[in-house]
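First up is the structure itself, then whatever we jot down about it.
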Amino acid sequence: MTRRTTTTGIALAAAACLALAACSSSGNPTGTSSGGGGAQTALVIEDATASTAYTNNFNPFDAGDFVLSENTVSFMYEPLMMVNSLKSSEPSIPWLAQSIAWSDNGKTATITLNPSAKWSDGTALTSADVAYTYQLVTGNAALNLQGIPAASSITEPSPTQVVLNFATSEAANYVAIDNQVIVQKKQWSTISNPATYVLSGSQAVGSGPYELDSFSGQDVKYKANPNYWQGAPKVKELSIPLYTSNDAAALALANGDIDLAGNDINNVLSTFVNKDPQHNHLFQSSAPYFPASNTVTLLLNNQSSQAPALGDANVRKAISAALDRQSMATQCETNYEAPASSSGGLIASSTDQSSVNPATSNDIKASPDQATVAADMKTAGYTETGGKWVKGGKQITFSIIDPNSFSDYWCDAKAMATELNTAGFNVTASGNYTYDTWTQAITTGNFTAALHWGQGSTAFQRDQFILDATQTAKEGSTAAGDYDRYTSAAATKAVTDYESATTTQDQQTALNEIQQVYSDDMPAIPVLYGAAWYEYNDSHFTGWPTSANPFINPSPQYESYEYLVWNLKPVS
């Protein structure tokens, strides 16, 4: 299998990885609307395969329930704002909130709600619901799936305004606040344990454009919410059928039985697009086919007791120069992911293009550069003896860990080991890990190197995940970020400068500082630009996100699926 990731905020726990082997699929996934006015084909969405039947649980705080595992949360429960992570420099899209204004050097967020917003039971959605939701999630870590910072105080000046006051600047964490789905205080204040409460779809009260139509363990159907505050959605019904394997889902997708999916499909052109070129489409028609949503890096444990040489920035730069990124992109990632090209850690494509520091743009070579390897290693005080770099009688020895069930990452890990051994290092690849044991090794610092996808919805968050020392921990303790255990006064200053910036210009200045520190010290090595999986069939609906119109990140994310579907309309 290949690993599949869904990122929420910058918490690794939000990344999803599927490893299922069953090979049957659900029955006929299509349906007709229950809203009258004639038959209407349902929009069929396949998000995550599952080995067991769906459970009727629509609790937006339970990571293992139906709405979160299938990324359908926002069809019922809506966020304050929509965030397009493919256009990280663009402002958030107003939704429940008309605006969120930051003041007091980023320590105060004033949320102004849309006065038309209301719940599916017809009652108004007010500041009391928003304030309650924020108090609820920040007071219970199990509910805080977005990683929202706790406010020192919350006030409600009016039914349509909420003011969050923080002890320190939190404007850089705006994505978590914007993306938080709001729940009804009237319903949830009566629930004693919201983290584990089983809420059936028929009980759920939300503000979203859909409500439950029918539920079975094999297929869940949504129908248009007749009281939706923004008017009736153009797509009248949604169907979420159960597929028990990626192969079964890929076959159904190729046959036109699925409208929207987010799968990593082998030979996607021949197995999907070419089955019906008129209707089966990807984000773009040429490689890498999928939008880039994160920077895949070779994490190097800067404080490893097993490989202390990785604490030397010049050694890390030499390792970077030794990699054949183009070969990995072609051979291991089948051209779905492009080679990383910016030493500042950002995605040097349309995703982060306007945020990339010109000094770190296109400065990473796609092919190995042995001359640079030699120069960096000599600067670090090493000499080449018998084809290996040696200092004080010791070679540089480390292991790249990635589960061998992640077929693409495992291919990359083995390729990097070969390339680095050729360049004079002593490197092995170790694949005897499950997702859980691999994650534990990385978060606790019990590793020397690992290929890992990036985190974050903004340019700042992508680099913060790598070099913000406030998120790391000593070896043996669990880190929230900065898994490479990198510490730097320059990085800390740059991160602080960004977090305290009050203008767009000041933010970009600080972001340039962050990228320069990244480039100078190379705490982790940019390798590839991770794909956001996305396939669609336009036989029944039009208005899909494409490279020509990337109005939202179309890969499976509950924060953005609502906005994607809201912009679709039936083929006339």
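Figures for the structure shown
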item: 5 angstrom amide H check on Ala48, placed H, neighbours 5+ away; result: none
item: Equivalent ellipsoid dimensions for the chain as semi-axes, Å, which come from the Cα gyration tensor, largest first; result: 40, 29, 20
item: Virtual paramagnetic centre 7 Å along Cα→Cβ of Thr470, amide N under 14 Å, in the range 83-117; result: 106-108
item: 5 angstrom amide H check on Ala429, placed H, neighbours 5+ away; result: Ile400
item: FRET efficiency, 1/(1 + (r/R0)^6) with R0 45 Å, evaluated for Asn193 and Thr504 via beta carbons; result: 0.60
item: Accessible-area composition of the chain, carbon plus sulfur, in percent [1.4 Å probe]; result: 48 percent
item: Within the range 348-365: backbone nitrogen closer than 20 Å to the Gln326 label point (7 Å, Cα to C-beta); result: 348-349, 361-365
item: Inter-probe distance in nm under a simple model that places probes 7 Å from Cα toward Cβ, at Ala167 and Thr478; result: 2.2 nm
item: The range 466-572: trypsin sites (Lys or Arg not before Pro) in DSSP coil with no more than 12 other Cβ atoms inside 10 Å; result: Lys474
item: Dimensionless Rg over Rh [the range 267-399; C-alpha; Kirkwood]; result: 1.09
item: Accessible-area order (highest first, 1.4 angstrom probe) of the listed residues Thr496, Thr504; result: Thr504, Thr496
item: Nearest-10 value in Å² for the accessible area of Lys186, using the 1.4 Å probe; result: 140 Å²
item: Vicinal HN-Hα couplings computed from phi for the range 412-419 (Karplus, 6.51 cos²θ - 1.76 cosθ + 1.60; Hz; Gly/Pro x); result: 4, 4, 5, 5, 5, 4, 5, 4
item: Gyration tensor verdict on the range 187-332 (Cα atoms; rounded if a/c is under 1.5, prolate if a/b is larger than b/c, oblate otherwise); result: oblate
item: Largest-first ordering by accessible area, 1.4 Å probe, given options Thr155, Thr52; result: Thr52, Thr155
item: Flagged links, alpha-carbon separation over 29 Å, of Lys221/Lys569; Lys107/Lys185; Lys388/Lys493; Lys391/Lys474; result: Lys388/Lys493
item: Residue-averaged 222 nm ellipticity for the chain, from DSSP H runs of 4+ at -39500 (n - 2.57), nearest 500; result: -6500 deg cm²/dmol
item: For the range 187-225 and the range 382-409, distance of Cα centres in Å; result: 51 Å
item: Nearest-10 value in Å² for the accessible area of Trp533, using the 1.4 Å probe; result: 10 Å²
item: Accessible heavy-atom area order of Thr41, Thr297, highest first, probe of 1.4 Å; result: Thr41, Thr297
item: 1.4 Å probe accessible area per residue over the range 266-399, in Å²; result: 42 Å²
item: The range 69-76 - phi-based ³J(HN,Hα) in whole Hz, Karplus 6.51/-1.76/1.60, Gly and Pro as x; result: 5, 9, 6, 10, 3, 6, 5, 10
item: Rounded, prolate or oblate (a/c below 1.5 giving rounded, otherwise prolate when a/b exceeds b/c) for the range 378-494 by Cα gyration tensor; result: oblate
item: Rounded if a/c under 1.5, otherwise prolate or oblate - the range 340-430, Cα gyration tensor axes; result: oblate
item: Residues Ser572 and Ser286, FRET efficiency given R0 of 30 Å [Cβ-Cβ distance, rounded to 0.05]; result: 0.50
item: Set of lysines near Lys365 by C-alpha distance (under 17 Å), chain-local residues within fewer than 8 positions excluded; result: Lys317
item: ³J(HN,Hα) computed for each position of the range 318-327 - Karplus, 6.51 cos²θ - 1.76 cosθ + 1.60, integer Hz, glycine/proline x; result: 5, 4, 4, 5, 7, 7, 9, 5, 5, 4
item: Residue-normalised accessible area of the range 496-572, expressed per residue, 1.4 Å probe, Å²; result: 33 Å²
item: Area of His540 that stays accessible when all protein chains are in place (1.4 Å probe, Å², to 10); result: 70 Å²
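The values are calculated or read from the model by the stated rules, or taken from the named source; none is laboratory data. Nothing here was measured: the structure is a model prediction, and the numbers come from that model. Neighbour counts run over all protein chains shown; Cβ positions are idealised from the backbone, glycine included. The accessibility values were calculated without ligands, DNA or RNA, using every heavy atom of the protein model including side chains. Shrake-Rupley method; radii C 1.70, N 1.55, O 1.52, S 1.80 Å.
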